[in-house]
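Just below is one structure, and these are the notes that go with it.
Just so you know, all these numbers are worked out from the coordinates, no wet-lab data involved. Keep in mind that what you see is a predicted model, and the values were worked out from it rather than measured. Because the Cβ atoms are built from the backbone with ideal geometry, glycine has one as well, and the counts that use them run over all protein chains shown.
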Amino acid sequence: MTQPHTVHAPALLELCTAILRNSGLPERDAHTVAHSLVDADLRGVSSHGVLRMETYLERLGNRVMNPTPEVKTLSETAATAVLDGDNGFGQVVSQQAVDILLAKTKESPIAAVSVRNSNHFGAAAYWAAQLAEQDLIGIAVSNVEPLMPPPGGSEARIGNNPLSVVVPARTHRPIVVDMATSVVPLGKILNAKSRGEAIPEGWGLDSSGRATTVPDEVINGGSLFPVGGPKGYGLAIIVEVLSALLSGGEFGTDIHSMYQELDSPNQISHFFMALKISAFLDPEIFKASVDRYIDQIKSSPLAPGSDAIYMPGEIELRARDRHAENGIDLPPAVAQGLASLARSAGVPQELLASL
């Protein structure tokens, strides 16, 4: 098996920022997009990491993503806002939404911002975590193109719509729920393809509705299994309501595939919400309670074959520490793809040395 390319996060961030900047994004926006992708790779969530760059740049080259969007506020109250993302990069639009949300929580105990006419925003936890860092309980969700059939159906009608909730703690790491509503996100299928690996049974279906272990058969017209069957399906429905229906955005089969319709706008929607802990309880008391709750959970005797009990998000946060010190392992196909993108964008040769 071909060995991965180990790249340290600062070099990878600089390279991806340069590629995006040279492709037409303003410096600040290029950094925002690159940082969200590298952060996902640091956490070991490579399905939402820099492997997405190639698709982003292809869509940008086809002029179906706007490198310099004028994000508009369509409606607003003291605690809410609805934004039109002007078909910008999802990360760029989402950063503006989160900044607006943070400003609103200075006056309102609960605030929410919905967004329409956007694109893939990376890992949902990246946004919810920004809120939790400010003593808020952060919530971030998004709809995506149809990737799952409804129970009893044979064709995809609903996205594996992701959601994240991040809860701050005092001495422990935050609780980080970050999940797609399918058994695995499509990015894990893409990651397996980039590594030349088969996928486990139970992850996806081919275009005929048959279970498959071949990544391409899922990517090219196939679909994903909802996590927990009808429970994951129900969660995905609610995420669609909060993100798309509440913002007046596109939903279901009106959304274009990021991978299969590279010449059509994605038109997805997001929803962000923050609960101000101090409106309910002193934040230090709350975070101390979260610590005690985590201690209770971790005090459970281990089941046979288990070596530890992890809180949601803990494995990823430990991976971030490890990868920050030792570097991120990129599959050769991803490293080669980044090098090609960099050369096409006219990035200085010295920035390619890390690959």
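What the table shows:
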{"item": "Evaluated over region 127-216, the Cα radius of gyration and Dmax, each in Å", "result": "16.4, 50"}
{"item": "Compactness of region 1-64 as Cα Rg over 2.2 N^0.38 Å, two decimals", "result": "1.13"}
{"item": "For region 103-155, convex hull volume per residue from C-alpha positions, Å³", "result": "120 Å³"}
{"item": "Least to most buried among Leu235, Leu242, Leu20 (fewest other Cβ within 10 Å first)", "result": "Leu235, Leu242, Leu20"}
{"item": "Mean separation of Cα contacts under 8 Å (6+ apart) over length of region 37-100, as relative contact order %", "result": "20 percent"}
{"item": "Test item: Cα-centred dipole of region 20-153, Lys/Arg +1 and Asp/Glu -1 on Cβ, debye", "result": "140 debye"}
{"item": "Compactness of region 162-202, expressed as Rg and Dmax over alpha-carbon positions, Å", "result": "14.6, 42"}
{"item": "Length-normalised contact order for region 160-199 - Cα pairs under 8 Å, 6+ apart - percent", "result": "34 percent"}
{"item": "Sites matching GluC sites (Glu not before Pro) across region 49-105 that sit in DSSP coil, with at most 13 neighbouring C-beta atoms within 10 Å", "result": "Glu70"}
{"item": "Region 300-344-region 126-144 distance, computed between alpha-carbon centres (Å)", "result": "21 Å"}
{"item": "Amide H contacts under 5 Å for Glu250, placed H, 5+ residues apart", "result": "Asn117"}
{"item": "In sequence order, calculated HN-Hα J values of region 182-196 (Karplus, 6.51, -1.76, 1.60; Hz; x Gly/Pro)", "result": "9, 4, 9, x, 4, x, 5, 5, 4, 5, 4, 4, 5, 9, x"}
{"item": "For Leu83, net neighbour charge (Lys/Arg +1, Asp/Glu -1) across residues whose Cβ lies under 10 Å away", "result": "-1"}
{"item": "Value in Å of the Kirkwood radius, where region 100-255 supplies the Cα pairs that are averaged", "result": "16.5 Å"}
{"item": "CD proxy at 222 nm, helix term only [per DSSP H run n ≥ 4: -39500 (n - 2.57); per residue of the chain; nearest 500]", "result": "-11000 deg cm²/dmol"}
{"item": "Size of electric dipole in region 97-231: Cβ of Lys, Arg +1 and of Asp, Glu -1, about Cα centre, debye, nearest 20", "result": "240 debye"}
{"item": "Translational diffusion coefficient (Stokes-Einstein; Kirkwood radius from C-alpha pairs) of region 258-312 at 25 °C, 0.890 mPa s, in µm²/s", "result": "154 µm²/s"}
{"item": "Cα point-scatterer Debye curve for region 202-355, base-10 log of I(q)/I(0) at q = 0.09, 0.10 Å⁻¹", "result": "-0.61, -0.76"}
{"item": "Equivalent ellipsoid, the chain (semi-axes from 5 times Cα gyration tensor eigenvalues, Å)", "result": "28, 25, 24"}
{"item": "Within the chain: Cβ-based charge dipole about Cα centre, in debye rounded to nearest 20 (Lys, Arg +1; Asp, Glu -1)", "result": "340 debye"}
{"item": "DSSP-defined beta bridges in region 4-147 - what % are antiparallel, rounded to 5", "result": "40 percent"}
{"item": "Equivalent ellipsoid semi-axes - Cα gyration tensor, region 24-97, angstrom", "result": "24, 16, 10"}
{"item": "Whole-Å distance, taken between Cα centres, linking region 181-218 and region 1-71", "result": "23 Å"}
{"item": "Cα point-scatterer Debye curve for region 242-333, base-10 log of I(q)/I(0) at q = 0.13, 0.14, 0.17, 0.21 Å⁻¹", "result": "-0.94, -0.99, -1.00, -1.02"}
